[in-house]
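Enquirer: Supplied in structure tokens, the structure appears directly below.
Quick note: the coordinates plus some simple rules give every number you see, no bench work behind them. Since the model is a prediction, treat every value here as computed from it, not as a measurement. All Cβ positions, glycine included, derive from the backbone under ideal geometry; neighbour counts span all protein chains shown.
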Amino acid sequence: MARPVTTALRARLRAALADGSRLHGTFVKLPAPDVVELCGLAGFDFVVVDLEHSVLTEADAIGLVRHAERCGLPALVRVPQVDGPLICRLLENGAAGFQLSMLSGPAQAWALVQATRFAPDGDRSVSLANRSAGFGRGGLAAFLAAERADPPLLVGQIETPWWRDGGTAWDEVIADLDVVFVGGTDLAVSLGAEPGGADLRAAVTEIEDAARRHGIAFGGWAPSPAAAKAHGLAAARYLVTGSDLQILAAGLHAAAGEGGNG
């Protein structure tokens, strides 16, 4: 039996992270399937459907995830908290993984693992009446085996310096993740630091060093690929740049400047 589309997309991302390639994606905040299709045509390796800083509904996110899968483009979903039933529904519609914002420690990381894995590795509810399970066509054993072989990618977004306050060991968190991701703007605010300043650079370096020690991919957000180095992300293997809204705004400003009267 052929590998399901979603697990094949996950395997492709993991293989690229393992061989040291840089994966490049963007946030999707608009409820338009054309956006994810354009992202694939433009050459992005993945998209992150944003359920934190957008007005997307669950139905919007499911539609975007489904369309991205049909286009052969892995779609992760950014979630502000671990919501097991929501995560389950998104997985049943083809989500390649999840990016958890404001990750605060090992308990939260473990909760994300539990919500995305079937027993005995987690507590995700099992159903074959959904598209990711082929609506039961391949049977339960084959579905469970495919999910166990290529589970959802998990990205932990570090936006507060929690690892400095209580001595929580990095390995308690990092062992459960595929990517440690720097949320630079929130981290700067949490530190009371200037964006691009020495305090923020030191924190980003600590996160990068921890990822390297534990063999986990390092990632983060920058406004553009050219700005990655200035954000301490020169070594990032999972790079998210801008968003569909930012890219659209830049294009509209450029078009207005070229064709306007002023």
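Enquirer: Roughly how many debye, to the nearest 20, is the charge dipole of the stretch 1-125 about its Cα centre, given +1 on each Lys and Arg Cβ, -1 on each Asp and Glu Cβ, and no other charges? Kindly include the intermediate steps, with their values, before the conclusion.
Expert: On the way: 12 positive and 13 negative charges, 67 e Å.
My answer is approximately 320 debye.
Enquirer: Evaluate the Kirkwood expression for the hydrodynamic radius of the stretch 103-145, namely the inverse of the mean inverse distance over all pairs of different C-alpha atoms, and round to one decimal in Å. Let's see the in-between values first.
Expert: Details: mean 1/r = 0.0874 Å⁻¹.
Evaluated over the stretch 103-145, this radius sits at 11.4 Å.
Enquirer: Taking θ as phi - 60°, what are the ³J(HN,Hα) couplings along the stretch 202-210 by the Karplus curve (6.51, -1.76, 1.60), each to the nearest whole Hz, with x for Gly and Pro?
Expert: Each residue's phi maps through the Karplus curve to give 5, 5, 4, 5, 4, 5, 4, 5, 5 Hz.
Enquirer: Here's another thing I want to ask about it. Quick one: which residues, 5+ away or cross-chain, put their amide H under 5 Å from the amide H of GLY242? H built at 1.01 Å from N.
Expert: Under 5 Å from the amide H of GLY242 lie the amide H atoms of ALA222, SER224, each far enough along the sequence or on another chain.
Enquirer: Distance between Cα centroids, the stretch 89-105 to the stretch 15-60: provide it in whole Å.
Expert: 13 Å
Enquirer: Working from the pairwise distances between different alpha carbons, so that the mean of 1/r is found and then inverted, what is the chain's Kirkwood radius in Å? Present the calculation step by step, with values, prior to reporting the outcome.
Expert: Values: mean 1/r = 0.0529 Å⁻¹.
That comes to 18.9 Å for the chain.
Enquirer: Please list 3J(HN,Hα) in residue order for the stretch 100-106, calculated via the Karplus relation 6.51 cos²θ - 1.76 cosθ + 1.60 where θ = phi - 60°; whole Hz, with x for glycine and proline.
Expert: 8, 7, 6, 4, 10, x, x
Enquirer: In what sequence do SER101, SER127 fall when counting other Cβ within 10 Å, fewest first? Numbers along the way, then the final one.
Expert: Working: SER101 20, SER127 14.
Going from least to most buried by this count: SER127, SER101.
Enquirer: Once amide H atoms are built 1.01 Å from N in the peptide plane, which residues 5 or more positions from ARG78, or in another chain, come under 5 Å H to H?
Expert: VAL49, ASP50, LEU51, GLN99
Enquirer: Given the options PRO74, GLY136, ALA18, identify the residue whose Cα lies farthest towards the positive end of the charge dipole of the chain (+1 on Cβ of Lys, Arg; -1 on Cβ of Asp, Glu).
Expert: GLY136
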